[in-house]
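Heads up, the thing below is written out as structure tokens.
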Amino acid sequence: MARADRSALSPTHPDGPAGPSGAPGPSGPVDGLDRAPGADAARRAVEAVWRIESARIVGALTRFTGDFDLAEDVAQEAVAEALVAWARDGEPASPVGWLLATGRRRAIDRFRRRSALDERYAALAGRLTEGGASSGADPAPGRPDDLPWDPDLIEDDVLALMFVACHPVLSPEARAALTLRVVAGLSSEEIARALLVPVPTLQARITRAKKTVAAAGVPFAVPPPEERRERLGGVLSVLYVLFTEGSTATGGDRLLRADLAYEAIRLARTLAALLPAEPEVSGLLALFELTAARFPARTGPDGEPVLLEDQDRRHWDRSAVRRGLAALDRATATGHGLGPYGLQAAIAACHAGAPSVADTDWQRIVLLYEALGRVAPSPVVDLNRAVAVAMAAGPEEALRIVDGLAASGRLSGSHLLPGVRGELLTRLGRTAEARSELELAARMCRNTRERSVLLRKAAALG
């Protein structure tokens, strides 16, 4: 868990789940590009396509080449080429097809340079379709027979990519970093913020992870059923981090990064279809759906955060609520008890079913957090429980929990603890202390939207 439960006490919202190497996307100017008339439009187009389709592109290229590291390299080359070509010629009719065909052509060039007689290159060259990929001409995708992948295998490609990146030969830290890069397409800075490591450390971790995957000869495929369970925890953890970053961004000037959150939901749905009997997969999907249901009401017209108690619940996505409750029912129906993700989904369901903050079953939420703390101990779980205790029993008992967390130093680098502590002190009438805590939280917060809320609360105390 990387976020405090966004209750009425929280610095901003109650809506995030209680918890992302340079991506192959465009990150800097290309020589001459900034002077091209269509440079800005090309960059925006490439960024948009990459953010949405990066996992499918890398997955399809990995299936095509059989080489995980090579696939990401040629994807980067294709993106760099697109920045120039699209500025010059305009965005193609099929941007993803263009990137895939270009990446495939670059892979062929790599194999050609290795050896003109290489059997692998010959096999790949024989599989080329129309579009000029073997001649060096610009690809011209856009017709169904030009698609450089089998559409029926797209979802399997993404799942295979997830399971490769979460292979047991990698450490948990490496699994998270690699998946967030190649599956989510996040930047080095975004991943480093989410994982709380310096950018150089993060980049070195990803490089080592890719070399380890190559050295271990990890096949690009969804593993057989008997091998899925040991990798499933890593996959779920990475999806959780991805969704959490989308639901409340760790930095920047947007509270929500809905593209990341909805990509995590899409991947969770795909995983749930592949593994329908796994309760934690259904629990994670339920958590995502129930949390995302509140997105429409979480920000105002100008993007400013809207606190839970001020949200118009008529704007919550009731279809997402129904999907989330159905997924939670599937998780419960297994009879094995809810795991960490299912318990968080149950907490989200309490919010989804309540007509207001005052009518929320805070006692049940306290019990659910106590259970969550036993199966998945974490200082953020304890902070969440303190928030729920404050709503159920008052701020005094909650402050004792928060003060204990502060004394332990386990959340010393997070703005969440002083933010919650400032809210509790405000309720207790300890205004000067509350203002100091809220100002500290604002200084520590890297998201400008959250920071503005904290500063307004501090200023309101005089």
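Read the figures in this text as sums done on the coordinates, not as results from a lab. Quick caveat, the model's predicted, so the values are computed rather than measured. No Cβ is skipped: glycine too gets one built from the backbone with ideal geometry, and neighbour counts run over all protein chains shown.
Structure values in brief
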item: Coordinate range along principal axes, alpha carbons of segment 270-399, Å, largest first; result: 41, 36, 23
item: Label zone at ALA41, where the point sits 7 Å out along the Cα-to-Cβ direction: segment 81-114 residues whose backbone N lies under 14 Å; result: 85-93
item: Size-normalised alpha-carbon gyration radius of segment 363-462, reference 2.2 N^0.38 Å; result: 1.06
item: Segment 246-381: relative contact order in percent, alpha carbon pairs under 8 Å with at least 6 residues between; result: 23
